[in-house]
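Heads up, the thing below is written out as structure tokens.
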Amino acid sequence: MNNKTQNIIAISVISMVLLGVGIILYFNRKRTAKTPFRRRVVKIAEEELKKWNNGNTKETKDAIYDDLKKYWDSIGWNENKWSPTGVAWSSAFVSYIMRKANAKDDFKYSQSHADYIRDAIKNRKENNSNKFKGYRLNEKKVEIGDLVCYARENGVTYDTTRYYTSHCDIITRIDDKYAYGIGGNVSDSVSLTKIPIKNGFVQEGNRRFVLIKTK
């Protein structure tokens, strides 16, 4: 084999390697949080999931009490207002993660998911400067760091402005068929939920109705 042939082979191999790397990077860009804030949100949510042993540690365990307390502290609730099993803590969980990730005043920290859901929808409708905006499921593709939200009662729509019971999960991973969301107070723990998607859009079902884009 002469030098010319060797050079051609070497260039071909390098080109194939670079092409492969490019393809991997192209597809992985949908699997990675695209902003520092989103990356912080994902990191914190995954750390909390690990503390709760991937949903296997329950809220009644004494060892988890301090973690529940920090969630409630993030919305200003003292220990006279809650107990491990007495008040749903899923919105406090999300609020804690958003506060720790430095969402600042953009996020409406609350004991109720409906408060920050309605606020995000209002931001979107007004097209104001707040970066937390709520969209219908068919309007935006889901991305890592987004919130997927569900109603916990019938009759709730995107345009509902009254109080309603609800829940949101933080999206930490996406593949071709599912978005994976971490949520608090799911089966009395911090748990991971598989959410069906199609062509990048969250599918309706289980009263899912809002996708909140974060900053």
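For region 166-181, list residues with backbone N below 11 Å from a point placed 7 Å from the Cα of K194 toward its Cβ?
177-180, by backbone N distance to the label point.
Restricting to DSSP H runs of at least four residues, report the calculated mean residue ellipticity at 222 nm for the chain, -39500 (n - 2.57) per run over all residues, nearest 500 deg cm²/dmol.
Helix contribution divided over all residues of the chain: -11500 deg cm²/dmol.
Estimate the FRET efficiency between T35 and R162 by the formula 1/(1 + (r/R0)^6), using the beta-carbon distance for r and 30 Å for R0, to the nearest 0.05.
0.40
Which of the following values of Rg and Dmax of the Cα atoms in Å was calculated from the structure shown: (1) 20.9, 83; (2) 18.9, 62; (3) 18.1, 57?
From the options (1) 20.9, 83; (2) 18.9, 62; (3) 18.1, 57, the structure gives (1).
Exactly which trypsin sites (Lys or Arg not before Pro) in region 58-112 are in a DSSP loop and have at most 16 other Cβ atoms within 10 Å?
Here the sparse-neighbourhood loop sites are K58, K61, K81.
Every read-out reported here was derived from the displayed coordinates using simple, explicitly stated rules and does not represent laboratory data. Computed from a predicted model, the values in this text were never measured in an experiment. Cβ sites come from the backbone with ideal geometry, for glycine too, and all protein chains shown count toward neighbours.
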